[in-house]
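Here is the structure we will look at.
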Amino acid sequence: MNARAAWPAVPVGPLLLDERSSPSPREVIGALLGAAQEACFAVARIRLAAIDLAASELAGVRRCRVLLGRLDADVLADAEAAAQGGALRRNLEALAFFLESGRVEVRAAGREAWVPDFSVFTGLPADAVPGGCAAIVGGHYFQRPFPIAGPSLTCVIPGGAAARRAARRFEELWARGYDVLPVVADAIARALAAMGPGAPLGGVGRRVEGPAASGALDRDGLRR
């Protein structure tokens, strides 16, 4: 299925989401990622087992960069714990195949920090999103934030101005980060291997395929 053909309409103006919103932050992130050519995420901390992206949400993106605030033992242990659950194991398997596709880069920020988390999506259908790009600022999560008891707010900002500003700051942070993709991929692989062979991933075909990264980026991280 062509992810772009299934692209849902988004508001022209900013959209404020919380953990009660419909669509949820997870649905918006998945829709943007599925329609974008490139995506950049600056997220302080991740829960590997909670990333439940479908093959259709991963197939179209040519380049996906993820900058982590930190990569600690808890994040890697999350992979081992997830491999012991059916649905969570499938999440990790899909993520592992995506990491193997050559379209994903993962770095840790070291001493750099940012508030709040943010992401940039470029190469979106221009008839659906002004300027063909969008930024998300605030909470990035696939499952309800934990251990937050109150609201978690996320703002979706379509348009080139916001995306370019966020992309400039992302490039500054990215340049100072260091590669941790092998560490993340190895942690997932070891966790899955320890559990033995699992059931085939329905609809994924054991691999997430997609176009290879191509084309040049301008100084703001946006495709020329």
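Key figures
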read-out	value
Within segment 194-210, considering residues that are more than 16 Å from residue 99 (Cα to Cα) and exposed (fewer than 13 other Cβ atoms within 10 Å of the Cβ), the one modelled with the highest pLDDT	194
Where residue 68 falls short, out of the listed (1) at pLDDT 90 or above; (2) surrounded by 22 or more Cβ atoms within 10 Å (Cβ to Cβ)	(2)
Those residues of segment 153-175 which are of a type in the set (Gly, Ala, Ser) and buried (at least 19 other Cβ atoms within 10 Å of the Cβ), in sequence order	162, 163, 166, 167
Counted residues, segment 15-31 - those being part of a loop (DSSP other than H, G, I, E, B) and either among the acidic types (Asp, Glu) or surrounded by 14 or more Cβ atoms within 10 Å (Cβ to Cβ) (or both)	5
Given (1) small (Gly, Ala, Ser); (2) assigned to a helix (DSSP H, G or I); (3) buried (at least 22 other Cβ atoms within 10 Å of the Cβ), number of the condition residue 42 does not satisfy	(2)
Meets criteria (surrounded by fewer than 20 Cβ atoms within 10 Å (Cβ to Cβ), modelled with pLDDT of 95 or more, under 22 Å from residue 53 (Cβ atoms) and not small (Gly, Ala, Ser)) for residue 137	yes
Yes/no for residue 118 being within 22 Å of residue 52 (Cα to Cα), of a type in the set (Phe, Trp, Tyr), surrounded by fewer than 21 Cβ atoms within 10 Å (Cβ to Cβ) and touching a residue at least 24 places away in the same chain (Cβ under 8 Å)	no
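The values are calculated or read from the model by the stated rules, or taken from the named source; none is laboratory data. Given the structure is predicted, the values throughout are model-derived calculations rather than measurements. So basically every Cβ, Gly included, is an ideal-geometry build from the backbone, and we count neighbours across all protein chains shown.
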